[in-house]
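Please read the structure below before turning to the comments.
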Amino acid sequence: MNAAGHRMFVGQRMTVSLSAIYDDGEPAIEASIQVFRDGSLYSENKTDYAGSFSMVLPEKGTGDWRFVVSSDGHEEETHFSIRDDREAATPNTAVAMGLLALPAVWIWGRRGGI
C-alpha cells in the first residue's frame, strides 16, 4: 500500500531506571543523584519513597553516562555508554541500545556502618 503526500518518522526514547537500596533492604529514600553526560554535570535529582529514579534520555541518548547516588554518607555510581548507530557497536552498546529501561541496583552498607 502506497501513501502519497506525507512521510512517516520513527523516533526512539530511552528511559533509565535506577533503584538504590541498603544491604538491609531499606530503600535509599531521597538519595541525591548526579547525572553526568560526557563528563559534564547534566542534572541533579533525588530518589523517590521507594529509592527509585527514572529519566528519559535526550535525543538518541548517545554519550557516556554516569550516575552518582549518595545518601547518609554512602556513595555509589554506575555508568554506561551509548553510541550512534553509525559508530562501531560494542557488545555493551548493543545491549544498551536494545533496552527501553536500564535497571541498576546498588547494595549499600548499612547506615552508620563501616
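Results, tabulated for the structure shown:
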{"item": "Net charge contributed by nearby residues that have their C-beta within less than 14 Å of residue 49 (K/R +1, D/E -1)", "result": "-2"}
{"item": "Sparsely packed chymotrypsin sites (Phe, Trp or Tyr not before Pro) within segment 1-68, loop by DSSP, other Cβ within 10 Å at most 16", "result": "9, 49"}
{"item": "GluC sites (Glu not before Pro) lying in DSSP loop within segment 1-87, provided at most 16 other Cβ fall within 10 Å", "result": "30, 59, 87"}
{"item": "Karplus-derived HN-Hα couplings along segment 62-71 (A = 6.51, B = -1.76, C = 1.60, θ = phi - 60°), whole Hz, x at Gly and Pro", "result": "5, x, 9, 9, 9, 10, 10, 10, 9, 6"}
{"item": "Cβ-based net charge around residue 33, under 13 Å, with every Lys or Arg adding one and every Asp or Glu removing one", "result": "-4"}
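Read-outs: derived from the displayed coordinates by stated rules, not from any lab. These figures come from a predicted structure and were not determined experimentally. Reconstructed Cβ throughout: ideal geometry from the backbone, glycine too, with neighbour counts over all protein chains shown.
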